[in-house]
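*Asks:* Have a look at this one before I ask anything.
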């Protein structure tokens with residue numbers, strides 16, 4: 001396994017102690033952006049005033065709130081809003097004088113009240129334990145019922161059992177220290193795997209490692225497999241390409257868990273080889289027939305073709321499986337495991353050409369925006385299907401990776417390397433046909449017409465490593481152009497000069513860590529490692545500046561976009577991956593003057 005623990009930037013040795021790393025992560029556990037939770041648990045503890053405070057995240061003038069005196073408990077459920085998953089509306093711990101004790105410290109394993117007069121920890125994935133002799137605990141559930149328990153020398157703690165139906169059952173506990181020790185041990189074991197990186201990046205890396213551990217859930221549809229979900233706040237499932245990006249970060253500290261994410265993503269291929277969009281607690285999302293009823297109704301009202309029950313549309317995610325597999329195997333080789341996955345990846349690649357080349361021209365299309373991962377990108381504002389340059393690039397990359405993997409692990413599962421390379425060459429030729437030299441852009445097509453949107457999908461052909469030099473030069477110039485993509489915090493998902501640009505709206509302008517990472521990979525593949533390093537530095541600087549691995553970022557302010565969720569899985573994982581790469585012995589930090597300055 002590659003180990004940068006002894007070769008990080010100055011001062012990194014101070015962070016070898018897992019307890020120290022847990023403490024660094026704890027600085028970010030504000031119970032607003034980051035809840036108190038436990039690996040495998042569906043229970044989340046926030047400040048009771050989280051909703052009000054969350055609205056201020058990203059505001060430059062926001063001030064630190066007063067310490068919390070009341071908490072709120074939620075469950076984490078697939079396709080349900082957090083507010084619909086309330087278990088306890090208000091939980092208050094009071095001192096002997098009856099005054100509410102403030103939260104004074106949060107660590108991964110404990111919430112402390114009143115300087116340690118009382119504590120809250122986990123007593124198992126679905127059980128909270130609150131201790132503090134002389135204190136009292138009271139909680140109010142959504143129907144208004146209130147319960148109060150006094151903590152005495154005979155019964156110094158109370159356990160709250162949270163049911164899958166959001167019920168709460170309580171019992172006295174005489175051994176609260178056991179719960180505290182067990183929960184601390186669980187987190188210490190997790191932080192013992194945390195990658196050690198450059199000292200200026202270590203605190204954020206520790207928090208990102210906490211995010212990955214906190215986002216572990218069990219999915220009943222697949223037994224006891226550990227899925228690292230995008231977020232316990234709204235994204236409780238294993239999305240296919242999230243699994244790929246998350247595995248790329250996990251590989252540096254827990255390669256077994258990284259492999260497990262890929263196994264989950266590969267576990268339910270269709271008979272034709274198509275991989276599902278999502279694996280979740282109730283099954284899979286592989287076509288429009290699998291959408292939750294509320295989603296179908298909303299899409300039907302909007303006139304979307306995907307809502308037609310007579311014409312279901314396949315739903316998947318971009319073909320980056322072989323890329324992710326190769327990344328995971330770089331850190332810890334697992335030949336037998338690799339061979340077991342390769343047939344699924346090869347069949348998925350074949351499905352794109354056989355099942356998603358909807359106009360029969362040799363270049364597959366996205367049948368619906370969901371399959372692109374860029375749901376609301378302006379390239380999908382017109383008719384469907386859409387021929388997009390990012391998909392062509394991913395397919396070239398995947399065939400090239402499959403060829404390399406076949407040569408390494410055998411052709412029985414991965415297929416003939418020459419056939420993969422031949423198909424990659426044909427796809428690249430079609431992809432180059434989407435280049436428009438007059439505008440210096442790769443442009444998507446829909447219903448036979450060119451889509452004029454200047455979007456980030458046009459940079460993904462860099463991943464092929466096979467573009468003519470004038471094309472590479474034009475793309476690099478676009479990345480540096482302050483009127484288009486060279487903003488203070490880059491790379492926006494739509495050019496700032498495009499009429500559809502919005503600094504706050506998902507895939508219509510904000511910066512995403514995953515698309516930045518793919519452009520970094522593309523710059524390396526296209527012979528520009530220094531530009532790749534520059535963008536990697538800017539990307540980790542963005543996450544640090546914004547205070548955490550949010551879902552997406554405002555490219556103007558460098559802060560969390562208002563509607564983005566927090567503690568986001570792939571942002572955390574890819575921050576770690578970039579930080580590890582930037583901490584290699586041959587890589588020095590960029591001079592400060594090259595980094596964006598507010």
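*Asks:* What do you reckon, is residue 368 more than 21 Å from residue 498 (Cβ to Cβ) and modelled with pLDDT under 95?
*Replies:* Considered against the rule, which asks whether it is more than 21 Å from residue 498 (Cβ to Cβ) and modelled with pLDDT under 95, residue 368 comes out as yes.
*Asks:* Which members of segment 509-546 meet the condition of being farther than 18 Å from residue 472 by Cβ, part of a helix (DSSP H, G or I) and out of contact with any helix residue (DSSP H, G or I) (no Cβ under 6 Å at 6 or more places or on another chain)?
*Replies:* Of everything in segment 509-546, those that are farther than 18 Å from residue 472 by Cβ, part of a helix (DSSP H, G or I) and out of contact with any helix residue (DSSP H, G or I) (no Cβ under 6 Å at 6 or more places or on another chain) turn out to be 537, 538, 541, 542, 545, 546.
*Asks:* Identify all residues within segment 162-183 that are in contact (Cβ under 8 Å) with a residue 60 or more places away in the chain, crowded, with 16+ Cβ neighbours inside 10 Å and not in a helix (DSSP H, G or I); write none if there are none.
*Replies:* Of everything in segment 162-183, those that are in contact (Cβ under 8 Å) with a residue 60 or more places away in the chain, crowded, with 16+ Cβ neighbours inside 10 Å and not in a helix (DSSP H, G or I) turn out to be 162, 166, 168.
*Asks:* Continuing with this model, one more query. Answer yes or no as to whether residue 162 is closer than 21 Å to residue 96 by Cβ and modelled with pLDDT of 95 or more.
*Replies:* Here the answer is no, as residue 162 does not meet what is asked.
*Asks:* Could you tell me which residue of segment 265-283 is nearest to residue 341 (Cα to Cα), considering only residues that are at pLDDT 95 or above and surrounded by 21 or more Cβ atoms within 10 Å (Cβ to Cβ)?
*Replies:* Among residues in segment 265-283 that are at pLDDT 95 or above and surrounded by 21 or more Cβ atoms within 10 Å (Cβ to Cβ), the one nearest to residue 341 (Cα to Cα) is 266.
*Asks:* Something else now. Looking at the structure I just gave you, is residue 372 in contact with a helix residue (DSSP H, G or I) (Cβ under 9 Å, 6 or more places away or on another chain), under 21 Å from residue 324 (Cβ atoms) and assigned by TED's automatic domain parsing to the domain that holds residue 466?
*Replies:* Yes.
*Asks:* Here is a follow-up. Check whether at least one residue in segment 467-478 is closer than 17 Å to residue 364 by Cβ, in the same structural domain as residue 496 (by TED's automatic domain parsing) and modelled with pLDDT of 95 or more, and report yes or no.
*Replies:* Looking through segment 467-478, none of the residues is closer than 17 Å to residue 364 by Cβ, in the same structural domain as residue 496 (by TED's automatic domain parsing) and modelled with pLDDT of 95 or more.
*Asks:* Next question. Please verify whether residue 77 is in contact with a helix residue (DSSP H, G or I) (Cβ under 8 Å, 6 or more places away or on another chain) and within 20 Å of residue 233 (Cα to Cα), treating the condition exactly as stated.
*Replies:* Answer is yes for this residue.
*Asks:* Every residue in segment 432-468 that is in a helix (DSSP H, G or I) and farther than 23 Å from residue 384 by Cβ, please.
*Replies:* Residues satisfying the conditions are 432, 462, 463, 464.
*Asks:* Let me ask something else. Restricting attention to segment 558-572, report how many residues are outside any loop (DSSP other than H, G, I, E, B) and either closer than 18 Å to residue 237 by Cβ or under 10 Å from the mean Cα position of the chain (by Cα) (or both).
*Replies:* The number of residues fulfilling the criteria is 4.
*Asks:* Which one of 212, 257, 219 is touching a helix residue (DSSP H, G or I) at 6+ places or on another chain (Cβ under 9 Å) and either crowded, with 23+ Cβ neighbours inside 10 Å or on the phi > 0 side of the Ramachandran plot (or both)?
*Replies:* Step by step, each of 212, 257, 219 is checked, and only 212 is touching a helix residue (DSSP H, G or I) at 6+ places or on another chain (Cβ under 9 Å) and either crowded, with 23+ Cβ neighbours inside 10 Å or on the phi > 0 side of the Ramachandran plot (or both).
*Asks:* Select, from 24, 82, the only residue that is at pLDDT 95 or above and more than 30 Å from residue 156 (Cβ to Cβ).
*Replies:* Selected residue: 24, the only one of 24, 82 that is at pLDDT 95 or above and more than 30 Å from residue 156 (Cβ to Cβ).
*Asks:* Consider segment 33-58. How many of its residues are out of contact with any strand residue (DSSP E or B) (no Cβ under 6 Å at 6 or more places or on another chain) and either on the phi > 0 side of the Ramachandran plot or in a loop (DSSP other than H, G, I, E, B) (or both)?
*Replies:* The qualifying residues number 6.
*Asks:* To continue, here is another question. Out of all the residues in segment 313-358, which are modelled with pLDDT of 95 or more, over 13 Å from residue 402 (Cα atoms) and in a loop (DSSP other than H, G, I, E, B)?
*Replies:* Result: 315, 316, 317, 318, 332, 333, 334, 356, 357.
*Asks:* Return a yes/no flag: does segment 184-204 have any residue that is buried (at least 24 other Cβ atoms within 10 Å of the Cβ) and more than 26 Å from the chain's Cα centre (by Cα).
*Replies:* The answer is no; no qualifying residue exists.
*Asks:* Given the condition more than 23 Å from residue 514 (Cβ to Cβ), assigned by TED's automatic domain parsing to the domain that holds residue 503 and assigned to a loop (DSSP other than H, G, I, E, B), answer yes or no: does some residue in segment 397-410 qualify?
*Replies:* The answer is yes; a qualifying residue exists.
*Asks:* A further question on this structure: Quick test for you: out of 549, 585, 555, pick the one residue that is at pLDDT below 95 and outside any helix (DSSP H, G or I).
*Replies:* Just one listed residue meets the conditions, 585.
*Asks:* Would you say residue 384 is modelled with pLDDT under 95, in the same structural domain as residue 486 (by TED's automatic domain parsing), surrounded by fewer than 18 Cβ atoms within 10 Å (Cβ to Cβ) and in contact with a helix residue (DSSP H, G or I) (Cβ under 7 Å, 6 or more places away or on another chain)?
*Replies:* Taking the combined requirement at face value, the residue satisfies it.
*Asks:* Turning to a different aspect of this structure: Just to be sure before I move on: is residue 429 over 31 Å from the mean Cα position of the chain (by Cα), surrounded by fewer than 20 Cβ atoms within 10 Å (Cβ to Cβ), part of a helix (DSSP H, G or I) and without any contact (Cβ under 8 Å) to a residue 24 or more places away in the chain in the structure I sent?
*Replies:* Criteria met by residue 429.
The values are calculated or read from the model by the stated rules, or taken from the named source; none is laboratory data. Since the structure is predicted, the reported quantities are computational estimates derived from the model, not experimental observations. Cβ: placed from backbone, ideal geometry, glycine included. Neighbour counts: every protein chain shown.
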